[in-house]
Amino acid sequence: MLPVPQFIQIHQARAEHIRQELLQGLQAECPSIAPKYLYDELGSKLFEAITCIPEYYPTRTEAAIFKEHSQAMAQQVPPGAVLIDLGAGNCEKAARLFNVFHPSRYVAVDISVEFLKGALECLQRQFPSLHMAGVGLDFSEQLQLPAELKLPADLPRVMFYPGSSIGNFTPQAALAFLKQVHHACGHGAGSGLVIGVDLVKSKAVLEAAYDDALGVTAAFNRNMLLHFNRLAGTNFKLADWKHIGLYNTELNRIEMHLEAVRHVVVQWDGGQRRFAEGERMHTENSYKWTLAGFEQLLAQAGFAKSTAYTDPLQQFAVFWAQA
């Protein structure tokens, strides 16, 4: 009989809590929306489209690094480890490494197990001997794996966080998160972290990647307003807002904003917020790192040593960090 993946839902979305979080950000002196709200069903599909556009280098560059260096990485990762995929999504990136890393268990972590079910059930048919589990967890708040997983204490744990999502954290928050990742690795010999990191490069390359000529990134960013309306009962209109993607050279980060193109009054049951023409809402940061800077960050988080694998142009890096 084909084994069935285990599913554990920890995070429980509470509608009123979400509404209050959104409205609090909207009413702040410098209004902002948390980037996790970019990813409703349409937003997720738009992001998949972004990864295909010519200007957006991270996804294809990271894939090329894995293709070129996966065997070298496999020398660092002990066979039979537990592979823990943070922000697993459709699980495709991790699945490409099953025949390279040879894990004995695979744990896919995302905010909802509903996102994971179809992918895990499909993967289970392809890899029937691999024990699989899906965990619904918002690890941006706290990374704590549930005891129900019953992970064997003697197996090393390899945390997998590809795609440069670490860039959505401020440097201080990235350090705090990596400390949690280090703790979740445990202390088994061979445990560690495989993580994708976008590197500092020219302003022109970065801004083109986050404000493409076709306007896919603009659609991705503006779609957040429709998601906001559904969750908070607001009356955002797409025609009132335009996408801004810019590189802040002082902070080494891409910033995404939504800018009012005219005077706008956003209303909801019990309140409103006025925006002047040109006023912005901050929707996402994507910090870029130097190789030395990120290696130092990993050391501060408690990792013993790290190895960076890069592309020939050093646009992107995949780090192996030993716990």
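All of the numbers you see were taken from the coordinates with simple rules; none came from a lab. Just so it is clear, the model here is predicted, and its values are computed rather than measured. Because the Cβ atoms are built from the backbone with ideal geometry, glycine has one as well, and the counts that use them run over all protein chains shown.
Structure notes:
- Placing unit charges on the Cβ atoms of the charged side chains and taking the dipole of the chain about its Cα centre, the candidate lying farthest along the positive direction among G302, G118, M73 is M73.
- The label-point distance for Q272 and A72, in a model that sets each label 7 Å from Cα toward Cβ, rounds to 6.0 nm.
- Ranked packing of 253-263, 131-141, 117-127, most packed first, by mean Cβ within 10 Å: 131-141, 253-263, 117-127
- Values of log10 I(q)/I(0), in the order q = 0.18, 0.26 Å⁻¹, for the stretch 150-211 under a Debye, Cα-only, solvent-free model: -0.74, -1.12
- Contour excess over end-to-end distance, with Cα ends at Q6 and A147 and 0.36 nm allotted per residue: 49.5 nm
- Residue order, fewest to most beta carbons within 10 Å, for M159, M73: M73, M159
- Residues S286, S32, sorted so that the one with the fewest Cβ neighbours within 10 Å comes first: S32, S286
- Extension gain, E48 back to S32 (0.36 nm per residue minus Cα-Cα distance, nm): 3.4 nm
- Helical contribution to [θ] at 222 nm, DSSP H n ≥ 4, -39,500 (n - 2.57), averaged over the chain, rounded to 500: -10500 deg cm²/dmol
- When the listed pairs K36/K305; K93/K179; K179/K242; K117/K237 are checked against a 29 Å cut-off, the alpha-carbon distance exceeds it for K36/K305; K179/K242; K117/K237.
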